[in-house]
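The values are calculated or read from the model by the stated rules, or taken from the named source; none is laboratory data. Owing to the predicted nature of the structure, the values given are computational and were not obtained by experimental measurement. With ideal geometry, Cβ positions are generated from the backbone for all residues, glycine too; neighbour counts draw on all protein chains shown.
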Amino acid sequence: MRNSTPWWIRVPLLFFTIFALMEYFIDSGDQPAFIAYPMTQYFLLLVLLLLIAIELILKSIENVMFQTLSEEAKARYLASKSKRWEWTWGRELYQKLLGSRPIEEEGEIILDHDYDGIKELDNRLPPWWIYLFYITIAFGAVYLVRFHILNDYDQAEEYQQEMVAARMAIEEYKKTAKDLVDVNTVELLTESSDLKAGEAIFSGNCAVCHMIDGGGGIGPNLTDDYWVLGGGIRNIFQTISEGGRAGKGMVAWKTNLKPLEMAQVASYIMTLHGTTPANPKAPEGEIWMDPNAPVDEVEVQVDSTGVEVLMETDTPNPLEGE
């Protein structure tokens, strides 16, 4: 009837052992099994109830058997039980932190105050409370020196650091969630896999109006510097998504293409710029220049037929060499 470990250690130990085995043998991917499969929560609850029930049954059996013993055997059993393993250092630490006086010594700290037979004890503050108070003072002193004397980072810097970390996390997330892109977050795709996918989409959906080489037919020429609704990755994405000019432009493709597919075909269209189509259509719209592109030198040439703008920049084209 003697137990080497108390129930409050035995029950949690068995429970978490079963929990660990369940998580090990159940393949739940990146999520814990008890979250991925809600049924396991009922299983764990049943296991906990069974362990508690077993402990109660064992305790009841122990009490019944104890009553069948003689007085001498009861004394020996109680003596042996009192010698079992105990968490003595924990008990001593608890008593020390609590700082309470034994009932036998309360007479030494009773005050003269008496309210209808209710007497007041002159207990000191618990040591745990005092130690915690000292820790807060030490923390406040370190905080004062660090942030008000040594002028460590302030809230503005901490905010900027958090924003940088958030942007990095968003960029990492975008790598696996490209379909969340929209006109405000779309970026030029330069990977060969994306450009090939964009070429396939262009050939199957856009070439009928813009020709396979982008030279233009029903739709405008996509290889020159002229754009009806603006060039650049964002304007092209917006035009593909929402459609062209009302009444005479192309239809909106956002219901047929995913955001990633629109970004891919928009990036492919940008690779057509500067190429020489077989039968180019006359320019439509206006010359579009990227307002964010760095320009080192601008030369304007005027003749009787029009205006030619030449821009020189040291910034390499990210699509060159594709």
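Restrict the check to segment 226-248 and report whether at least one residue is at pLDDT below 85, of a type in the set (Lys, Arg) and touching a helix residue (DSSP H, G or I) at 6+ places or on another chain (Cβ under 7 Å). Scanning segment 226-248, I find no residue that is at pLDDT below 85, of a type in the set (Lys, Arg) and touching a helix residue (DSSP H, G or I) at 6+ places or on another chain (Cβ under 7 Å), so the answer is no. Residues that are surrounded by 11 or more Cβ atoms within 10 Å (Cβ to Cβ) and more than 27 Å from Ser100 (Cβ to Cβ) within segment 130-143 comprise just one, Tyr143. Glu71 falls short on exactly one of the conditions (1) over 30 Å from Gly90 (Cβ atoms); (2) surrounded by 14 or more Cβ atoms within 10 Å (Cβ to Cβ), and that condition is (2). What are the residues in segment 259-279 that are over 13 Å from Leu180 (Cα atoms) and under 39 Å from the mean Cα position of the chain (by Cα), if any? Result: Gln264, Val265, Ala266, Ser267, Tyr268, Ile269, Met270, Thr271, Leu272. Tell me yes or no: at least one residue of segment 127-135 is over 30 Å from Lys258 (Cβ atoms), in contact with a helix residue (DSSP H, G or I) (Cβ under 6 Å, 6 or more places away or on another chain) and touching a residue at least 24 places away in the same chain (Cβ under 8 Å). Scanning segment 127-135, I find at least one residue that is over 30 Å from Lys258 (Cβ atoms), in contact with a helix residue (DSSP H, G or I) (Cβ under 6 Å, 6 or more places away or on another chain) and touching a residue at least 24 places away in the same chain (Cβ under 8 Å), so the answer is yes.
Applying the selection to segment 101-129, what residues are part of a strand (DSSP E or B) and surrounded by 10 or more Cβ atoms within 10 Å (Cβ to Cβ)?
So the first thing to find is which residues in segment 101-129 are part of a strand (DSSP E or B), and the list is 110-115, 118-121.
Once the filter is applied, which keeps residues that are part of a strand (DSSP E or B) and surrounded by 10 or more Cβ atoms within 10 Å (Cβ to Cβ), segment 101-129 yields Ile110, His113, Asp114, Lys119, Glu120, Leu121.
Is it the case that segment 260-283 has a residue that's out of contact with any Ser or Thr (no Cβ under 8 Å at 6 or more places or on another chain), over 22 Å from Leu189 (Cβ atoms), at pLDDT below 75 and basic (Lys, Arg)?
Going through segment 260-283, the residues out of contact with any Ser or Thr (no Cβ under 8 Å at 6 or more places or on another chain) turn out to be 260-261, 263-266, 268-271, 278-279, 281-283.
Filter once more, so that each one left must be over 22 Å from Leu189 (Cβ atoms): 278-279, 281-283.
Among the residues that remain, those that are also at pLDDT below 75 are: none.
Checked segment 260-283: no residue is out of contact with any Ser or Thr (no Cβ under 8 Å at 6 or more places or on another chain), over 22 Å from Leu189 (Cβ atoms), at pLDDT below 75 and basic (Lys, Arg).
Meeting the requirement of 2 or more residues that are of a type in the set (Ser, Thr, Tyr) and at pLDDT 90 or above, the helices (runs of 4 or more DSSP H) wholly within segment 13-100 are 39-67. How many of the residues in segment 44-68 are surrounded by 12 or more Cβ atoms within 10 Å (Cβ to Cβ), farther than 17 Å from Thr5 by Cβ and aliphatic (A, V, I, L, M)? Number of matching residues: 4. Which condition does Thr190 not pass, out of (1) free of Cβ contacts under 8 Å to residues at least 40 places away in the same chain; (2) under 18 Å from Gln264 (Cβ atoms), if it passes all the others? So Thr190 meets the others, but not (1). Of the helices (runs of 4 or more DSSP H) that lie entirely inside segment 144-244, those containing 1 or more residues that are more than 31 Å from the chain's Cα centre (by Cα) and surrounded by 11 or more Cβ atoms within 10 Å (Cβ to Cβ) span 192-201, 207-210, 232-242.
Of the residues examined, Ala293 is not one that is at pLDDT 75 or above and not acidic (Asp, Glu). Annotation note: Cβ proximity below 9 Å between a residue of segment 21-47 that is more than 23 Å from Val11 (Cβ to Cβ) and a residue that is in a helix (DSSP H, G or I) and modelled with pLDDT under 90 (sequence gap 6+ or interchain) occurs for Asp27/Ala33; Ser28/Phe34; Ser28/Ile35; Ser28/Ala36; Gly29/Ala36; Asp30/Ala36. If the condition is being under 19 Å from Thr190 (Cα atoms) and of a type in the set (Lys, Arg), then segment 206-259 contributes Arg234, Lys258.
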